[in-house]
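Colleague: This is the structure I have questions about; it appears just below.
We did not get these values from a lab; they are worked out from the coordinates using the rules stated. Keep in mind that this is a model prediction, so the values were computed, not measured. Every residue, glycine as well, gets a Cβ built from its backbone with ideal geometry; the counts of neighbours run over all protein chains shown.
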Amino acid sequence: MGAPTAGGDLVPGTVTVAGVDATGPNPIEVDLSEPIPLQVNGIDVDSAALTVEVFGVRLGGDPVPLRPGGAATLPDPVNSHVLAGKFDGELTLLRSGTEIATQRIEFRSTQRPTRTAAAAAIVVLALFAVAYLESNTRTLRRGHGGMANIIGLSASSAILAVAVAGGAWILHDTPPTISTLAITAVLAAGAGLAAASAARRIGKRHSLLRRARRDKR
């Protein structure tokens, strides 16, 4: 799904998050129901902030002062009942409010993603899209409706595609990027337009057949 890669300004061995080197190649496992321990060594900073990115939206980011020795406990940037699984985050180290270093980090929560509000929202979104898609298709195939139904069919196709991408994230632990979602939605919208055009042609043919039967009577 094209998840962003980790990287940033930190030197290996200088910062640990949840006891793991922040520059390591593997996702860092965190418990989103507990504060996240941070340790900074050899960097002249006095606070740190952690954000996570969900569909391009940044959550969290409140600076936390470092204790003597460079230790701190970062608040969870997102509630464990809202989001879980694998996600991207960014750690920012600051001195007197000025950004000194940043590091993009991949996280994996200990909570199960299928039991979160995000999973529930994706299911509701998919059901809404399917219902709206079916309704517009049925209207066009019956020879009724017009441009509003064509646009509705295209839009519901795009929404369903985004919901499917979100479902893949939840089930396969692979977060999508904004570009992935945008391309998926555009392609699905195009497919929806094609389906709407075909349904409208079928509807017109049925209308002509019904009219011909009435004329024979």
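Colleague: Take the Cα gyration tensor of the range 18-59, multiply each eigenvalue by 5, square-root it, and list the three semi-axes largest first, rounded to whole angstrom.
Modeller: 20, 15, 12
Colleague: For the pair R142 and I178, what calculated FRET efficiency results from E = 1/(1 + (r/R0)^6), where r is the Cβ-Cβ distance and R0 = 35 Å, to the nearest 0.05?
Modeller: For I178 and R142, the calculated efficiency is 0.40.
Colleague: Next up: Suppose each label sits 7 Å from its Cα in the direction of the beta carbon; what would the D31-T110 distance come out to in nanometres?
Modeller: Once both label points are built, they end up 0.3 nm from each other.
Colleague: Rounding to the nearest 20 debye, state how big the charge dipole of the chain is about its Cα centre with +1 on each Lys and Arg Cβ and -1 on each Asp and Glu Cβ.
Modeller: Magnitude of the dipole: close to 3020 debye.
Colleague: Using label points projected 7 Å from each Cα along Cα→Cβ, tell me how many nm separate V20 and E99, to one decimal.
Modeller: 2.4
Colleague: At 7 Å along the Cα-to-beta-carbon direction for both R201 and V186, put a label point, then send me their distance in nm to one decimal.
Modeller: It works out to 2.5 nm between the two label points.
Colleague: Rounded to the nearest 0.05, what FRET efficiency do L209 and A121 have when you use their Cβ-Cβ distance and R0 = 41 Å?
Modeller: 0.45
Colleague: Then there is this: Among G203, G192, G69, whose mean-square fluctuation peaks in a Gaussian network model of the chain (Cα, cutoff 10 Å)?
Modeller: For the chain, modelled as a Gaussian network with Cα springs under 10 Å, the answer is G69.
Colleague: GNM on the chain, C-alpha springs below 10 Å: top fluctuator among V57, V30, V130?
Modeller: Looking only at V57, V30, V130, the largest GNM fluctuation is found for V57.
Colleague: Using helices alone, what [θ] at 222 nm do you get for the chain, with -39,500 (n - 2.57) per DSSP H run of 4 or more residues, divided over all residues and rounded to the nearest 500?
Modeller: -15000 deg cm²/dmol
Colleague: Also: Pairs of Cα atoms under 8 Å, at least six residues apart: use those to get the relative contact order of the chain, whole percent.
Modeller: Reported as a whole number, the value is 20 percent.
Colleague: Can you give the Rg/Rh ratio of the chain, where Rg is from the C-alpha atoms and Rh is the Kirkwood radius?
Modeller: 1.23
Colleague: Treat the range 87-158 as a sphere of radius equal to its Kirkwood radius over Cα pairs and apply Stokes-Einstein at 4 °C in a medium of 1.567 mPa s; give the translational diffusion coefficient in µm²/s, rounded to a whole number.
Modeller: 80
Colleague: With angles folded into 0 to 90 degrees, how steeply does helix 178-216 sit against the dominant principal axis of the chain? Use alpha carbons for both and round to 10.
Modeller: 10
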